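Below: one structure, written as structure tokens.
The values are calculated or read from the model by the stated rules, or taken from the named source; none is laboratory data. Keep in mind that what you see is a predicted model, and the values were worked out from it rather than measured. Counting neighbours? That spans all protein chains shown, and the Cβs are built from the backbone with ideal geometry, glycine included. These area figures cover heavy atoms from the full protein model, side chains too; ligands, DNA and RNA do not enter into them. Shrake-Rupley method; radii C 1.70, N 1.55, O 1.52, S 1.80 Å.
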Amino acid sequence: MKHKEVTSDPSAKTNSFAASLSLLRTRRFGTFCFASLLSNLGTWAQQVAEPWLLLSLGASSFLIGLDSFAMAVPVWILTLMGGILADRSDRRRIIAACQSAQMLCPTLLVVLLLTQLVQPWMVIALSVVVGVTDALSMPSFQTIVPSIVERDQIPSALALNATQFNLSRILGPAFAGVLMASLGAVGCFALNALSYVPFIWVALWILPRGKRVAKTKSQRDDTPLFQGIRDVARTPYLRGALLTVLLTSTLCGPLIVFCPVLVKQVLHGDVGDFSIDIGAFGVGGLLGAIALLGVDVRRDRRHLSSWFAAGYGLILVLTALNPWPWGLTALFVLAGVAMSVSNTSANALLQATTFADLRGQTISLYMLAMRGGISVGSLVTGFSVSLLGAREALLINGLVAITAQIAVGREWFRSLPPKSA
């Protein structure tokens with residue numbers, strides 16, 4: 001049966017704010033969203049505590065950077081394989097196995113801290129485990145939402161999912177501050193370990209036992225391993241979304257990475273100003289996700305994703321020219337809005353239009369574009385900052401981003417959606 005596009009059905013229910021929030025009252029999605037919020041709170045709490053722990057153990061700046069790299073590099077190596085696993089294996093088992101392995105990592109850190117045996121190399125080794133399991137399981141995790149709601153509810157569900165994520169991005173560090181002041185870093189690791197329990201239970205309850213996604217003509221058992229990924233990348237309608245996310249992550253994502261340079265070296269601020277600006281970006285992300293809840297389901301997500309991505313480039317230009325500390329905070333709010341609207345819209349489009357049996361591989365490409373793009377962009381922008389300065393590097397990134405997004409958007413708007421099953 002051919003997929004009926006939500007953008008062409010005049011009788012489709014509008015994606016109003018109230019209709020979007022009604023998804024939270026459904027048993028499966030509401031429970032999943034709450035469990036994800038708890039899990040993300042624990043994750044953000046550990047991300048605050050882990051660099052502080054390494055620093056207190058006497059680790060050098062290089063080792064702190066290596067810890068972050070150890071968690072990120074598996075994305076490049078294993079994410080596409082994770083997408084294939086999501087489409088060809090039992091997602092229930094993948095999520096249960098990988099999330100359980102991840103839960104053991106903060107649990108071991110709690111034990112090591114209580115016994116005073118922890119060493120920097122142990123923290124880094126456990127980060128490798130988290131990175132590997134994350135890369136293999138995230139495509140399966142990302143396909144849960146479209147599997148528990150109707151197709152025309154996918155944009156609303158993903159916007160709600162983005163809302164809880166950005167809310168946890170604000171609340172998680174706040175919880176971490178309270179725990180570190182009262183219990184120390186061990187409190188943050190304990191919170192993260194406990195936060196896995198409700199999420200694993202809910203994921204096992206939601207996903208059907210022992211079932212794989214039904215095959216369509218897009219994929220047979222004898223299909224070459226990476227054929228599905230190639231098919232997605234060659235489809236202009238889907239490729240436009242992926243290129244938009246890749247350009248945003250590569251050219252605009254480094255804004256957050258080099259926020260400390262802007263605050264300290266350019267605007268002569270302190271750590272308090274830095275924390276305010278990072279919080280402002282999270283607030284912007286939350287506002288953008290909430291705004292998407294009121295967007296009509298028939299609205300073409302290509303325009304939202306493309307124009308907000310170009311707007312992100314403009315924000316980069318304004319940031320490079322901005323002379324005021326308060327201006328940077330305001331621009332970071334706008335940057336959070338732009339990133340949230342653009343990426344969430346692209347994600348909704350990808351998940352709503354691709355074949356069901358290629359959804360995992362499609363999402364693996366989305367994750368690679370988003371997370372891999374940030375790592376490459378940060379590396380290249382780092383060279384630019386060292387050669388030209390922070391303002392000049394961000395100005396160039398912003399101008400290139402605006403030009404590239406307009407060019408990609410023009411081609412994307414001409415493409416037709418694939419005939420999905």
Completion exercise
If we keep only residues of the stretch 304-324 that are outside any loop (DSSP other than H, G, I, E, B) and either open to solvent by 70 Å² or more (accessible area, probe 1.4 Å) or without any contact (Cβ under 8 Å) to a residue 12 or more places away in the chain (or both), then the residue nearest to LEU21 (Cα to Cα) is PHE308
Exercise for the section: May I ask you to verify whether LEU225 is hydrophobic (A, V, I, L, M, F, W, C), modelled with pLDDT under 90 and open to solvent by 60 Å² or more (accessible area, probe 1.4 Å)? Expected result: yes
Practice task
Using the structure shown, decide if PHE274 is under 24 Å from SER168 (Cβ atoms), within 15 Å of the chain's Cα centre (by Cα), assigned to a helix (DSSP H, G or I) and aromatic (Phe, Trp, Tyr).
Solution key: no
Exercise for the section: Can you confirm whether the stretch 389-410 contains a residue that is over 20 Å from ARG302 (Cα atoms) and modelled with pLDDT under 85? Expected result: no
Problem - Tally of residues being open to solvent by less than 20 Å² (accessible area, probe 1.4 Å) and not small (Gly, Ala, Ser) across the stretch 129-146 - result: 6
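Residues are listed down the side, and each one gets a yes or a no for (1) under 27 Å from LEU80 (Cβ atoms); (2) more than 25 Å from the chain's Cα centre (by Cα); (3) modelled with pLDDT of 70 or more:
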residue	(1), (2), (3)
ALA176	no, no, yes
CYS188	no, no, yes
LEU191	no, no, yes
TRP201	no, no, yes
LEU204	yes, no, yes
LEU207	yes, no, yes
LYS211	yes, yes, no
Fill in the blank from the handout: Of the residues in the stretch 47-62, those that are open to solvent by less than 20 Å² (accessible area, probe 1.4 Å) and either touching a Pro at 6+ places or on another chain (Cβ under 6 Å) or not in a helix (DSSP H, G or I) (or both) number 2
Practice task
Go through (1) of a type in the set (Ser, Thr, Tyr); (2) without any contact (Cβ under 8 Å) to a residue 12 or more places away in the chain; (3) under 18 Å from ALA203 (Cα atoms) and name the single condition SER140 misses.
Solution key: (2)
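What helices (runs of 4 or more DSSP H) completely inside the stretch 81-154 contain at least 1 residues that are modelled with pLDDT under 85, of a type in the set (D, E, K, R) and out of contact with any Phe, Trp or Tyr (no Cβ under 6 Å at 6 or more places or on another chain)? Quick ask: steps written out before the conclusion?
Details: elements: 91-114, 120-142, 144-148.
Because the criterion is at least 1 residues that are modelled with pLDDT under 85, of a type in the set (D, E, K, R) and out of contact with any Phe, Trp or Tyr (no Cβ under 6 Å at 6 or more places or on another chain), the helices (runs of 4 or more DSSP H) in the stretch 81-154 that meet it are 91-114.
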Practice task
Would you check if there is a residue in the stretch 40-58 being over 22 Å from LEU171 (Cα atoms) and without any contact (Cβ under 8 Å) to a residue 12 or more places away in the chain?
Solution key: yes
Practice task
Considering every residue within the stretch 379-398, establish whether at least one is of a type in the set (Phe, Trp, Tyr), open to solvent by 20 Å² or more (accessible area, probe 1.4 Å) and not in a helix (DSSP H, G or I).
Solution key: no
Practice task
Give the residue, chosen from VAL337, VAL341, VAL317, VAL333, that is under 30 Å from ILE229 (Cβ atoms), in contact with a Leu (Cβ under 8 Å, 6 or more places away or on another chain) and of a type in the set (A, V, I, L, M).
Solution key: VAL341
Handout entry: Matching entry among ARG151, ARG169 (being among the charged types (D, E, K, R), at negative phi and over 17 Å from the mean Cα position of the chain (by Cα))
Key = ARG151
Practice task
Could you check, for the stretch 246-254, whether at least one of its residues is among the β-branched types (Val, Ile, Thr), buried (at least 19 other Cβ atoms within 10 Å of the Cβ), under 25 Å from the mean Cα position of the chain (by Cα) and at pLDDT 80 or above?
Solution key: yes
Exercise for the section: Taking MET180 as meeting all but one of (1) of a type outside the set (Val, Ile, Thr); (2) open to solvent by 20 Å² or more (accessible area, probe 1.4 Å); (3) at pLDDT 85 or above, write down the number of the exception. Expected result: (3)
Exercise for the section: Answer yes or no: is there a residue in the stretch 372-384 that is closer than 16 Å to MET138 by Cα and in contact (Cβ under 8 Å) with a residue 40 or more places away in the chain. Expected result: yes
